[in-house]
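Visitor: Got a structure here, written out as structure tokens. Questions coming.
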Amino acid sequence: MHGHVDHATFLQQISSFLGFYYIALAAMNGIAALAIWRGGRSKTLFRVGPLTFTNALLWTVVAFFFLLMAPLAMSGSEPLMRWVSMPDAFKHAADAVMGPVAYSLGSFLILAVLFSFRKFFVKTWVAWLGLNLSFLFMGLSITDPDFAAIVTKPDNVPIVGLIFLLGFFTWLATAKAVKNDERIARGEKPLEAVDNEKILVWPDLVYTELICMVALTALLLLWGIALQAPLEEPASSVKTPNPSKAPWYFLGLQEMLVYYDPWMAGVVLPSVVIVGLMAIPYIDFNRRGNGYYTINERKFAYVIFQFGFLVLWVTLIVMGTFLRGPNWNFFGFYETWDVHKVVPMNNVDLSEYFWIRGLGREMPRAPEGSGAGLELLYILWREAPGIILLIGYFTVIPPAMVVYSKFFRNMYLKMGLIRFMVMSHLLLLMGLLPIKMVCRWSFDLKYFIAIKEYFLNF
Amino acid sequence: MPDKDKMSVEEILAACRKLDGGGDTSASQPSAAEEPPAPAATPAAEPPSGKKPSEMSVEEILAAARAEKAGRGEASSSEASAPTSAAAPVAPKKKPSEMSVEEILAAARAEKSRPATPAKPAAKPKPAASAKPAAKSSPKPAAGGKKPSGPLDTASILAAARKGSKRGPVSKEEAARTAAPAAAKAGSRVPPMPSKPDFLRPAAKSKPAESRRGFFGSLIGIVFGSAMAVGFVSLAVTQLLWLLGFARFMFPNILIEPPSKFKVGFPDVIGPGQVVTKFKAQFGVWIVRNEYEGVDQIYALRSVCTHLGCTPNWLEAEQKFKCPCHGSGFYKNGINFEGPAPRPLERYAITIADDGQLEVDKSRKFQQELGQWNDPQSFVPV
Ligand code: FES
């Protein structure tokens, strides 16, 4: 998008937006400080001599900091804007480190940390600090043409917004859950059970809905005017845009297609996701956590769901949106989308690993001119390692879970055989995706079972 | 008026009622009469039960409203110098918006306790039942039996509705209670049956001559007999049209050409190791000259990724076909080596035509994994 303009022009273009961006951030913090101060919620952080520093003062200082950045960003001149840009060293380091592995494992680890220390992260000031930092990160990075190109692409702007929205709602739910968990630990009722005053449909609910409707319509109109629809050249059956991306909400699936055959990643796994979500009410025996936010009372359900949603769905969407470039190669945040980037990806099937590299033999192959039945037998023989591995995965692990884990044994006793089997198999199917990803990264595994003759690859 | 979002339910109700009251003033007299004053010993007599507003049932809220209204009606009627009731309730002297929850509750309780004459047990098991007596007494207009004509308030509408029978789901117990007296009444006096309306009388018996209309006549009768039939028939017809449209959708309006044979020039203009990409846009094929299994040959690769069918690009610098969708890569000979593509690209049949040009036949495909690349039709040796 900005590829054709030189750096100075690009900075000119971006500067006016960036100036207002920082002013908005300053206003945001100023209003927060004012609200704290007026609301009588200011707390003393520390004292230096006769001066007391309160949290209201802290956010005022942050507001002034952003206010200082605004004119620098607004200037549009290269030496001044260097002050409000990410340092080059950081950018290079980030690009060098980033890859599918670092990204996926990193986001998983970050989410795990956020989850384990949720008591700390749901504090309002921590969340506010996090919000400020992420805005600051965006602002500092957007002076990089490559970062700006992917973030300001009309396709991607709403996704940036969605990330913040998702973060906010996840934070909100977690905060409520943590509060409730503390109350429950103290033997009190959850907040929702205490404050269940009913309100009227008319006018309260209807008015709220009406206001939302009007506001959203206005937003959509503004959006439609401000950002042009990302139309591309006329479609042609022989020319695929490069990179060619699915709609954003399917980018997780597209990422899955990198690791799986189309029928698996496009048909089987999505159906399993839907069927599995539908099965939850039938396999869930935990009666607690009904009608109020809680994590501790249904930790298993919560962790599994958030793993599936945040790790296996959202982070893959983010990766597909921002980090996949031409030829579906991985590009760091500050990396130019180079069509000729070469990433060695020689992938090998499990059968090849087993027969050729492991046993040092030829792959089993039906003799010339044999019938279809014999050929099929040979194919099955060839793919035997993968088939056995998968059957073992699905048949050995569920009983092993019951035998070796007290937690799952309890579950088994409560759920009964069928429900437990359904649950564990859904779990194992879900686990297949990260397992396959790790196998691909660590030893270039292409397929466990590769019956390409019958379009059956797994 | 107090701030909207700081108002409690009671206050909102009170405010609504105040608005209603504008039209209600004409009916203030009956409303004042329909709410006999509460006995003087009200809030003090009953120990405060300490109910929170959130625990109030609908009946209680309504009762509170009603009690309060009595107070207001009393005030307004005294303004109009209408005869007032003897003992005014204690609490509702205040403006509704100034009343505390306790006061409203007290008023409600006072109102509720009023019909609880000694004949009836004071503690009733069901809130619905306890609300009933209050409801029964309310909608009787006192002044000359004149019905109030102005807009009714929620409480009186609800009360009127409840007077006959309880709306909504009825428990077995309740049903038995209400049905028993009805049955007893039915035994004593049978109400006169209304005469059957015309459409209920069997048509054939009354008009035997009509039966000559026969099959089609009755069919029309079935189809257009009633509004219900018309509705269902038109629904069925619409569905049928949709179905037909859907079936039509399966046969798009396209020109199905026979798989084309086309000429791609003379073989000697293609240099060794060259990939001709100019036919990709029109025919979806690359013409490649390359060595495969020791034979220098020309073959036609189909430009469709074997993963999910995107169109890969030929990258001259890297000497490979690369798919933009999920990153599958293919060597020049079409063998897949990276990304998720499970099998090599396919070849089309290629021959030398009579005039010495290469001719590609898209109707035949050759797949490497099936061992078809040895077929002499799949390449032209150079
Ligand atoms: S369609 Fe070519 S890699 Fe998926």
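Visitor: Restricting attention to region B:371-380, does a residue exist that is of a type in the set (S, T, N, Q), within 14 Å of another protein chain (Cβ to nearest Cβ), over 22 Å from A:Y447 (Cβ atoms) and open to solvent by 40 Å² or more (accessible area, probe 1.4 Å)?
Guide: At the first step, the residues of region B:371-380 found to be of a type in the set (S, T, N, Q) are B:372, B:374, B:377-378.
Checking the rest, the ones that are also within 14 Å of another protein chain (Cβ to nearest Cβ) come to B:372, B:374.
Remaining after also requiring over 22 Å from A:Y447 (Cβ atoms): B:374.
After this cut, where a residue has to be open to solvent by 40 Å² or more (accessible area, probe 1.4 Å) as well, the list is B:374.
Taking every residue of region B:371-380 in turn, at least one turns out to be of a type in the set (S, T, N, Q), within 14 Å of another protein chain (Cβ to nearest Cβ), over 22 Å from A:Y447 (Cβ atoms) and open to solvent by 40 Å² or more (accessible area, probe 1.4 Å).
Visitor: Quick test of your reading of the structure: A:G139 fulfils all but one of (1) open to solvent by less than 60 Å² (accessible area, probe 1.4 Å); (2) modelled with pLDDT of 95 or more. Name the failing condition by number.
Guide: Status for A:G139: all satisfied but (2).
Visitor: Let me ask you something else. When you check A:L251 against the structure, is it in a helix (DSSP H, G or I) and in contact with a Leu (Cβ under 9 Å, 6 or more places away or on another chain), yes or no?
Guide: On the way: in a helix (DSSP H, G or I): yes; in contact with a Leu (Cβ under 9 Å, 6 or more places away or on another chain): yes.
Yes: the conditions hold for A:L251.
Visitor: Next question, about the same structure. Given the conditions (1) loosely packed, with under 15 Cβ neighbours inside 10 Å; (2) within 14 Å of another protein chain (Cβ to nearest Cβ); (3) not charged (D, E, K, R), report the number of the one that A:W441 does not fulfil.
Guide: (1)
Visitor: Further, regarding this structure: Out of curiosity, is B:S303 within 16 Å of the ligand (Cβ to nearest atom) and in contact with a Pro (Cβ under 7 Å, 6 or more places away or on another chain)? Before the answer, list the steps.
Guide: Numbers: within 16 Å of the ligand (Cβ to nearest atom): yes; in contact with a Pro (Cβ under 7 Å, 6 or more places away or on another chain): yes.
Considered against the rule, which asks whether it is within 16 Å of the ligand (Cβ to nearest atom) and in contact with a Pro (Cβ under 7 Å, 6 or more places away or on another chain), B:S303 comes out as yes.
Visitor: May I ask you to say which residue of B:A317, B:A353, B:A341 is surrounded by fewer than 17 Cβ atoms within 10 Å (Cβ to Cβ) and at the interface with chain A (Cβ under 10 Å from one of its Cβ atoms)?
Guide: Unique residue meeting the criteria: B:A317.
Visitor: Further, regarding this structure: A:G276: small (G, A, S), loosely packed, with under 13 Cβ neighbours inside 10 Å and more than 8 Å from chain B (Cβ to nearest Cβ), yes or no? It would help to see each step written out before you state the result.
Guide: Details: small (G, A, S): yes; loosely packed, with under 13 Cβ neighbours inside 10 Å: no; more than 8 Å from chain B (Cβ to nearest Cβ): yes.
Judged against the criteria, A:G276 is not a match.
Visitor: Being within 14 Å of chain B (Cβ to nearest Cβ), in a helix (DSSP H, G or I) and surrounded by 15 or more Cβ atoms within 10 Å (Cβ to Cβ), is that true of even one residue in region A:224-245?
Guide: Quick first cut of region A:224-245, residues within 14 Å of chain B (Cβ to nearest Cβ) only: A:232-245.
With in a helix (DSSP H, G or I) added as a condition, the list becomes none.
For region A:224-245, residues within 14 Å of chain B (Cβ to nearest Cβ), in a helix (DSSP H, G or I) and surrounded by 15 or more Cβ atoms within 10 Å (Cβ to Cβ): absent.
Visitor: Then there's this: Might you check whether a residue that is within 16 Å of the ligand (Cβ to nearest atom) and not in a helix (DSSP H, G or I) occurs anywhere in region A:286-307?
Guide: In the first step, residues of region A:286-307 are kept if they are within 16 Å of the ligand (Cβ to nearest atom); the result is none.
Within region A:286-307, none of the residues are within 16 Å of the ligand (Cβ to nearest atom) and not in a helix (DSSP H, G or I).
Visitor: Would you mind telling me which numbered condition in (1) outside any strand (DSSP E or B); (2) exposed (fewer than 14 other Cβ atoms within 10 Å of the Cβ) B:E291 fails?
Guide: So B:E291 meets the others, but not (1).
Visitor: Being more than 16 Å from the ligand (Cβ to nearest atom), in a helix (DSSP H, G or I), more than 14 Å from every other protein chain (Cβ to nearest Cβ) and of a type in the set (A, V, I, L, M) narrows it down to one of B:L255, B:L219, so name that one. Outline the logic, then answer.
Guide: On the way: B:L255 fails: in a helix (DSSP H, G or I).
Result of the check over B:L255, B:L219: B:L219.
Visitor: Let me ask something else about it. Mind counting the residues in region A:193-202 that are under 20 Å from B:I12 (Cα atoms) and open to solvent by less than 90 Å² (accessible area, probe 1.4 Å)?
Guide: Kept after step one, since they are under 20 Å from B:I12 (Cα atoms), are these residues of region A:193-202: A:195-202.
Then keep just the ones that are open to solvent by less than 90 Å² (accessible area, probe 1.4 Å); that gives A:196, A:200.
So the count comes out to 2.
Visitor: Can you pull out the residues in region A:246-265 that are under 19 Å from the mean Cα position of the chain (by Cα), closer than 22 Å to A:L432 by Cβ and open to solvent by 40 Å² or more (accessible area, probe 1.4 Å)? Show your work before the answer.
Guide: Step one: filter region A:246-265 for residues under 19 Å from the mean Cα position of the chain (by Cα), giving A:246-259, A:265.
Narrowing further to those that are closer than 22 Å to A:L432 by Cβ: A:246, A:249-259, A:265.
Within region A:246-265, A:Y249, A:F250 meet the criteria.
Visitor: Also, I was wondering about something else. For region A:375-458, please list each of the helices (runs of 4 or more DSSP H) lying entirely inside it that holds at least 1 residues being farther than 30 Å from A:A301 by Cα and touching a strand residue (DSSP E or B) at 6+ places or on another chain (Cβ under 7 Å). Please lay out each step first, then the result.
Guide: Details: elements: A:384-404, A:406-415, A:417-443.
Output list is empty.
Visitor: Out of region A:282-293, which residues are open to solvent by less than 100 Å² (accessible area, probe 1.4 Å) and more than 24 Å from A:V178 (Cα to Cα)?
Guide: Of everything in region A:282-293, just one residue is open to solvent by less than 100 Å² (accessible area, probe 1.4 Å) and more than 24 Å from A:V178 (Cα to Cα), namely A:I283.
Visitor: Considering (1) away from the ligand (no atom under 16 Å from the Cβ); (2) closer than 25 Å to A:E352 by Cβ; (3) more than 9 Å from chain A (Cβ to nearest Cβ); (4) crowded, with 17+ Cβ neighbours inside 10 Å, say which one B:E359 fails and leave the rest.
Guide: (2)
Visitor: Can you find a residue in region B:322-331 that is surrounded by fewer than 19 Cβ atoms within 10 Å (Cβ to Cβ), more than 8 Å from every other protein chain (Cβ to nearest Cβ) and either closer than 26 Å to B:P267 by Cα or not small (G, A, S) (or both)? Full working, then the answer.
Guide: At the first step, the residues of region B:322-331 found to be surrounded by fewer than 19 Cβ atoms within 10 Å (Cβ to Cβ) are B:331.
Going one step further and asking which of them are more than 8 Å from every other protein chain (Cβ to nearest Cβ), we end up with B:331.
Within this subset, residues satisfying the condition of being either closer than 26 Å to B:P267 by Cα or not small (G, A, S) (or both) are B:331.
Checking region B:322-331: at least one residue is surrounded by fewer than 19 Cβ atoms within 10 Å (Cβ to Cβ), more than 8 Å from every other protein chain (Cβ to nearest Cβ) and either closer than 26 Å to B:P267 by Cα or not small (G, A, S) (or both).
Visitor: Residues A:L162, A:L205, A:L172, A:L219: which one is in a helix (DSSP H, G or I) and surrounded by 16 or more Cβ atoms within 10 Å (Cβ to Cβ)?
Guide: Among A:L162, A:L205, A:L172, A:L219, only A:L162 is in a helix (DSSP H, G or I) and surrounded by 16 or more Cβ atoms within 10 Å (Cβ to Cβ).
The values are calculated or read from the model by the stated rules, or taken from the named source; none is laboratory data. Just so you know, these numbers come straight off a predicted model, no measurement behind them. Ideal geometry is used to build each Cβ from the backbone, glycine not excepted, and the neighbour counts take in all protein chains shown. The area values use the complete protein model at the heavy-atom level, side chains included, leaving out ligands, DNA and RNA. Shrake-Rupley method; radii C 1.70, N 1.55, O 1.52, S 1.80 Å.
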